[in-house]
Amino acid sequence: MEADAVVRSFLERMEARDWPGAAALMAPDARISYSATGERFAGRSFMAMNEAYPEGWRLEPIDVLAAGDRVAAQVRVPNGDQVDWLSGFYTVVDGRIVEGHEHWVTECSEPAPDWRAPYTVS
């Protein structure tokens, strides 16, 4: 399976709450880091954390691009009245995710700086 197909399948299985199926697409010693919080997850702890996360979220992949074994994914994550965005960067080896760096942001959660107002469009 190509690297981008691995990440797409991983996201689909996460959306379906197919935890064993998603885990099968990760190397047992995979490392996933979250830039916003500084958290790092090793091995299956990443899957256990996602399984424990309160329900209500969805994963809506917008784009998944690959260059060799490196994959970038942009994912919209609605959860009730809140929408988060995930920018994930993954390394895939032998059909499994071995490393990931995820950057999470909540849509419209920060005020725009006043100095940029002249440059924006409505």
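Out of Ile97, Ile62, report the one residue that is at pLDDT 95 or above, β-branched (Val, Ile, Thr) and in contact with a Phe, Trp or Tyr (Cβ under 7 Å, 6 or more places away or on another chain).
Just one listed residue meets the conditions, Ile97.
Exactly one residue out of Ser9, Ser35 is under 12 Å from Gly95 (Cβ atoms), at pLDDT 95 or above, surrounded by fewer than 19 Cβ atoms within 10 Å (Cβ to Cβ) and under 13 Å from the mean Cα position of the chain (by Cα): that is Ser9.
Go through segment 2-26 and give me each residue that's among the charged types (D, E, K, R), within 18 Å of Arg44 (Cβ to Cβ) and in contact with a Leu (Cβ under 9 Å, 6 or more places away or on another chain).
Once the filter is applied, which keeps residues that are among the charged types (D, E, K, R), within 18 Å of Arg44 (Cβ to Cβ) and in contact with a Leu (Cβ under 9 Å, 6 or more places away or on another chain), segment 2-26 yields only Arg13.
Scanning segment 53-69 for residues that are of a type outside the set (A, V, I, L, M, F, W, C), farther than 12 Å from Glu2 by Cβ and loosely packed, with under 15 Cβ neighbours inside 10 Å yields Tyr53, Pro54, Glu55, Gly56, Arg58, Glu60, Asp63. Against the criterion of being exposed (fewer than 15 other Cβ atoms within 10 Å of the Cβ), at positive phi and at pLDDT below 95, Gly43 does not qualify.
The criterion of at least 3 residues that are among the charged types (D, E, K, R) is met, among strands (runs of 3 or more DSSP E) falling completely within segment 69-112, by 96-106.
The values are calculated or read from the model by the stated rules, or taken from the named source; none is laboratory data. For clarity, every value in this text was computed on a predicted model and none was experimentally measured. Backbone-built Cβ (ideal geometry, glycine too); neighbour counts: all protein chains shown.
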